[in-house]
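Everything below concerns the one structure shown next.
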Amino acid sequence: MKLFIATNSETVKTDSYLLLLKACKSAILNTSFDVYVIFDGSKDELNGLPPEVNVIEHRHRCYDKLKQYTGEQLKIATGAFLRTEIPYLCYKLGFTDEYVLYVDYDVMFFQGDYSYLDKLKPKYFAVAPEFDINDYVNFNTGAMLMNVKTMLNEDSIVLNHIVNNLENLETYDQTLYKNLYADKITKLPPIYNWKPYWGKANPLIVHFHGAKPKMVEPPERYALPIVKHLREINLNSYKYYNDIWEKI
């Protein structure tokens, strides 16, 4: 199965680039996925990526609209919305996969049995909860198992929604997917998008949602209420997963 991660040149300029490097390295070491990075920039900027990682240089087709954002919002949006381009890129590059996995770059992969992903077969896409482990209404798009054919058929709908609703997409792609597919999702088990604040378990993919590892978290972010809250919900668990991440 192909695994996609997406980001832009802004990531390379910060310590957050370590997140991308370790996400890719852990995927190569612990899974059998074919790893692809969709990158808004030149692949020459991506120093240190494992040689097994395939890089697709691509700027979102709605980039001119995304420039409505400025500053930090533009940096985030041009990377976040790239996941909506995956079905189009699969078609453009001649990939024939029925299903592919997307993850944010602030994840790490563990060894284990990922075969359930081959059996899930969502009609549109499968996602796990965001904050509440039982709440699939408020899902998180940090890990998505996509039905390539179906989502390619939805391509014009997704693009039009970006163009016509950008100012209302508060959490970028996630709001878009909730607007269009809230009652159409397939449930992805939490072990494929496990948050440190859910505690110690045996996850396959851990997502540093909100609170990043200490090596890349700018000190000023620790003071933000949401970051402070997500770290301190289960600080022992956060430290546990942070220590594993640092050793990758």
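What whole number of Å gives the distance from the Cα centroid of the range 15-39 to the Cα centroid of the range 106-127?
16 Å
Show me the ranking of peptides 222-229, 107-114 by mean Cβ neighbours inside 10 Å, starting with the highest. Don't skip to the end; give the middle numbers.
Values: 222-229: 11.6, 107-114: 17.8.
In decreasing order of mean packing, 222-229, 107-114 become 107-114, 222-229.
Can you tell me, using C-alpha contacts under 8 Å and at least 6 residues apart, the relative contact order of the chain as a whole percent?
On the way: 396 pairs, mean separation 48.8, N = 248.
Once normalised by length, the contact order is 20 percent.
Find the all-direction average of the projected area of the Cα convex hull for the range 2-246, expressing the result in square nanometres with one decimal place. Before the final figure, lay out the partial values.
On the way: hull surface 49.4 nm².
The Cα convex hull of the range 2-246, projected and averaged over all directions, gives 12.3 nm².
For the chain, with the dipole built from +1 on Lys and Arg beta-carbon atoms and -1 on Asp and Glu ones, taken about the Cα centre, which of Leu66, Pro219, Leu46 lies farthest toward the positive end?
Pro219
Around Leu235, under 15 Å between beta carbons, what's the net of Lys plus Arg minus Asp minus Glu among the other residues? Before the final figure, lay out the partial values.
Values: positive: Lys195, Lys200, Lys212, Lys214, Lys228, Arg231, Lys239; negative: Glu217, Glu232, Asp243.
For residues surrounding Leu235, the net value is +4.
Ranked by Cβ crowding within 10 angstrom, fewest neighbours first, how are Ser9, Ser156 ordered?
Working: Ser9 15, Ser156 9.
So the residues, fewest neighbours to most, are Ser156, Ser9.
For the chain, what is the calculated [θ] at 222 nm in deg cm²/dmol (nearest 500), taking -39500 (n - 2.57) for each run of four or more DSSP H residues and dividing by its residue count?
Numbers: 11 runs with 90 residues, N = 248.
Calculated from helices alone, the mean residue ellipticity at 222 nm is -10000 deg cm²/dmol.
Of the beta bridges DSSP finds with both residues in the chain, what % are antiparallel, to the nearest 5?
Roughly 45 percent of the beta bridges in the chain run antiparallel, per DSSP.
So how do Met144, Met151 line up by other beta-carbon neighbours within 10 Å, fewest first?
Details: Met144 28, Met151 23.
With the sparsest Cβ surroundings first, the list reads Met151, Met144.
Within the range 42-81, what residues put their amide N at less than 16 Å from the label point 7 Å along the Cα-to-Cβ vector of Val163?
60-68
With a sphere of radius 11 Å drawn around the Cβ of Trp245, what net charge do the other residues whose Cβ falls strictly inside it have (Lys, Arg +1; Asp, Glu -1)? Please report the intermediate quantities before stating the final value.
Working: positive: Lys22, Lys25, Lys212, Lys214, Lys239, Lys247; negative: Asp106, Asp243, Glu246.
Result for the neighbourhood of Trp245: +3.
For a footprinting-style exposure proxy, rank Thr175, Thr84 by other Cβ within 10 Å, fewest first. Could the numbers behind the result be given before it?
Details: Thr175 15, Thr84 26.
With the fewest neighbours first, Thr175, Thr84 line up as Thr175, Thr84.
Using a Gaussian network model of the chain with C-alpha springs under 10 Å, which one of Val103, Val137, Val127 is most mobile by mean-square fluctuation?
Maximum among the listed residues: Val137.
Throughout, read-outs are computed from the coordinates displayed, never taken from laboratory work. This structure is a prediction, so every number in the text was calculated from the model and none was measured. No Cβ is skipped: glycine too gets one built from the backbone with ideal geometry, and neighbour counts run over all protein chains shown.
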